[in-house]
Amino acid sequence: MVDEVQIYHVTDPEFALYCKCLDLDCDELIAAASAIAMPAEGSRYETAIESLERSAVVETLQNVVCGEMPIQVGYCWGHNNTLAALEWHKSSELNIATTDFVLLLGKLEQMEGNRFDSRQIKAFRVRKGEAVEIYATTLHFCPCSDDPAGFGCIVVLPKGTNLPLAAPSPDPLLFRKNKWIICRDDSEGLRARGVATGLF
């Protein structure tokens, strides 16, 4: 997927439709995340990691960037080069790059009912050390590797996001707390977990 699209950078004007860059000193947080071993294959995501949440910058992330709302600081890392799904939240998501990676992004208003045409995706390279705020109206998913060694992305979200729902939802796209998602027809792993198809 990454090889098939033009890749912009977060400093390009196109990025402003999806996200914004944040001016933060995240060196301590990045160092803590970089100590986590890279999986041999595939990607992983943990919603909250204690060693990351102890970083001094987390107080700024919570009280300034996120308006004093409780947050969780997790990590998405590993190897990926495809767009298997798109998700969105009712809140911004902060991504902090521990390596270079590529974000594949769409807009919620581009959805046609419960479906999204992947030809509308825009790709943006995020460099190591850069921090970005992904708007609630931006569709996104697992970053793509920009290096064969893998990618690392610190993920900051409102506390409780991605936990299991308390009860079944009448909305077929609501998969976890504060997480709506659609996947491709050929994303067998996600479909087996109950994710609705809708990305084509």
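Quick notes
- Considering region 150-200, and only residues there that are outside any loop (DSSP other than H, G, I, E, B) and among the aromatic types (Phe, Trp, Tyr), the residue that is least open to solvent (accessible area, probe 1.4 Å) turns out to be PHE151.
- Checked against (1) assigned to a loop (DSSP other than H, G, I, E, B); (2) closer than 20 Å to VAL5 by Cβ, LEU104 passes all but a single condition, namely (1).
- Of residues in region 56-65 being open to solvent by 40 Å² or more (accessible area, probe 1.4 Å) and of a type outside the set (S, T, N, Q), the one nearest to TYR135 (Cα to Cα): VAL65
- Only one of the numbered conditions (1) within 19 Å of PHE151 (Cβ to Cβ); (2) over 16 Å from the mean Cα position of the chain (by Cα) is not met by LEU24, and that is (1).
- Among (1) open to solvent by 70 Å² or more (accessible area, probe 1.4 Å); (2) more than 18 Å from the chain's Cα centre (by Cα); (3) under 28 Å from GLY160 (Cβ atoms) - the single one SER51 does not satisfy: (1)
- Contacts under 8 angstrom Cβ, first residue in region 153-178 being on the phi > 0 side of the Ramachandran plot, partner charged (D, E, K, R) and open to solvent by less than 60 Å² (accessible area, probe 1.4 Å), 6 or more apart: ASN162/LYS179
- Residue check, LEU139 open to solvent by less than 10 Å² (accessible area, probe 1.4 Å), over 22 Å from GLU41 (Cβ atoms) and without any contact (Cβ under 8 Å) to a residue 60 or more places away in the chain: yes
- Flag if SER118 is surrounded by 20 or more Cβ atoms within 10 Å (Cβ to Cβ) and over 12 Å from the mean Cα position of the chain (by Cα): no
The values are calculated or read from the model by the stated rules, or taken from the named source; none is laboratory data. Here the structure is a predicted model, which is why all the values come from computation and not from measurement. Cβ atoms come from the backbone with ideal geometry, glycine included; neighbour counts cover every protein chain shown. Note: areas computed on protein heavy atoms with side chains; ligands, DNA, RNA excluded. Shrake-Rupley method; radii C 1.70, N 1.55, O 1.52, S 1.80 Å.
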